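Peer 1: This is the structure I have questions about; it appears just below.
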Amino acid sequence: LELFENVVEGLKKIYKTKLLPLEQFYQFHDFHSPQLDDPDFDAKPMILLVGQYSTGKTTFIKYLLEQDFPGIRIGPEPTTDRFIAVMHDDKEGVIPGNALVVDPKKQFRPLTKFGNAFLNRFQCSLVNSPVLKGMSIVDTPGILSGEKQRVDRGYDFTGVLEWFAERVDRIILLFDAHKLDISDEFRRSIEALRGHDDKIRIVLNKADMVDHQQLMRVYGALMWSLGKVLQTPEVARVYIGSFWDQPLRYDVNRRLFEDEEQDLFKDMQSLPRNAALRKLNDLIKRARLAKICNIHFY
């Protein structure tokens, strides 16, 4: 029986000595998923934020960090037009996508397959925040609706979402209490997250902008819409609140919002403790897939 100093070191060795040779033999990396490297095992837990434009994704990060981060842009129109990995560093700054994917200490090397059009829309914002010492956050472009969604992004947007969904520890879907319509692009994005239902949490943001009676109706409408898209037997956990630093417009639900915020932040704080378990589960899933490839090969 071999003993390891920690779970991550054990997973690295088991992958390199047992699973990697099998993947290479059956060309698993060519048609399913790239080879795992040390940064994939060493990386801090990651949270992926997904939502239509102006649902408050970037503001949510600012609220969580209690400060701005490099490259932040907030407005009612689609302001975030790129994937931004917000990570910890003592010195603040921005690393462009092309430099990010060749950094051997970061886990983003496989993203090169999405081409220059994507890499020009990808960056890492380094922030000296205590929150980021235990996790990293990925902000995504606002998902478009109506005529705007006809604009071609120039890269495989849902493919990039799938790549992140496979590797992150938590996926937060943000909805605006004022606009619950799920556009075609948002529907496709949610469908790209299927198979990772255990990671998904729903946030009904800007909930202070409606009164108590309207909020009940909005919550019901959201659950109905999500039921049609997610198609899972279990209802995803929905957190209701207003995640920004402005006074509440309707104060009647203050206690509810505070409790929901505490529950959500506790869930996020648990990620560093559970990261090793998540990596173990992901490796088991990967091993099962490789085993299936082995069976089909023969």
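Peer 1: How many residues, within segment 197-214, are open to solvent by 10 Å² or more (accessible area, probe 1.4 Å), at pLDDT 90 or above and not in a helix (DSSP H, G or I)?
Peer 2: 2
Peer 1: Name the residue, out of Leu49, Leu100, that is within 15 Å of the chain's Cα centre (by Cα) and either closer than 28 Å to Pro272 by Cβ or open to solvent by 50 Å² or more (accessible area, probe 1.4 Å) (or both).
Peer 2: Details: Leu100 fails: within 15 Å of the chain's Cα centre (by Cα).
Result: Leu49 is the single residue among Leu49, Leu100 that is within 15 Å of the chain's Cα centre (by Cα) and either closer than 28 Å to Pro272 by Cβ or open to solvent by 50 Å² or more (accessible area, probe 1.4 Å) (or both).
Peer 1: Being more than 18 Å from Ala207 (Cβ to Cβ) and among the aliphatic types (A, V, I, L, M) is the filter; apply it to segment 223-234 and report the residue that is most open to solvent (accessible area, probe 1.4 Å).
Peer 2: Looking only at segment 223-234, we keep the residues that are more than 18 Å from Ala207 (Cβ to Cβ), and these are 227-234.
Checking which are among the aliphatic types (A, V, I, L, M) leaves us with 229-230.
Numbers: Val229: 2, Leu230: 18 Å².
Ranking the qualifying residues of segment 223-234, first place goes to Leu230.
Peer 1: Based on this model, can you work out whether Pro34 counts as of a type outside the set (D, E, K, R), free of Cβ contacts under 8 Å to residues at least 60 places away in the same chain and not in a helix (DSSP H, G or I)?
Peer 2: On the way: of a type outside the set (D, E, K, R): yes; free of Cβ contacts under 8 Å to residues at least 60 places away in the same chain: no; not in a helix (DSSP H, G or I): yes.
When the stated conditions are applied, Pro34 does not pass them.
Peer 1: Just one of (1) in contact (Cβ under 8 Å) with a residue 40 or more places away in the chain; (2) surrounded by fewer than 19 Cβ atoms within 10 Å (Cβ to Cβ); (3) under 24 Å from Asp198 (Cα atoms) trips up Met135, so point out which.
Peer 2: Unmet for Met135, out of (1) in contact (Cβ under 8 Å) with a residue 40 or more places away in the chain; (2) surrounded by fewer than 19 Cβ atoms within 10 Å (Cβ to Cβ); (3) under 24 Å from Asp198 (Cα atoms): (2).
Peer 1: So which of Arg217, Arg194 is under 22 Å from Glu234 (Cβ atoms), out of contact with any Lys or Arg (no Cβ under 8 Å at 6 or more places or on another chain), open to solvent by 10 Å² or more (accessible area, probe 1.4 Å) and charged (D, E, K, R)? Working first, answer last.
Peer 2: Working: Arg217 fails: under 22 Å from Glu234 (Cβ atoms).
The unique qualifying residue is Arg194.
Peer 1: Which of the residues spanning segment 149-182 are assigned to a loop (DSSP other than H, G, I, E, B), of a type outside the set (Asp, Glu) and open to solvent by 10 Å² or more (accessible area, probe 1.4 Å)?
Peer 2: Val151, Arg153, Gly154, Tyr155, His178, Leu180, Ile182
The values are calculated or read from the model by the stated rules, or taken from the named source; none is laboratory data. Because the structure is a prediction, the values reported are computed rather than measured. A quick note on method: Cβ atoms are made from the backbone with ideal geometry, for glycine too, and the neighbour counts reach across all protein chains shown. With ligands, DNA and RNA removed, areas are computed over all heavy atoms of the protein, side chains included. Shrake-Rupley method; radii C 1.70, N 1.55, O 1.52, S 1.80 Å.
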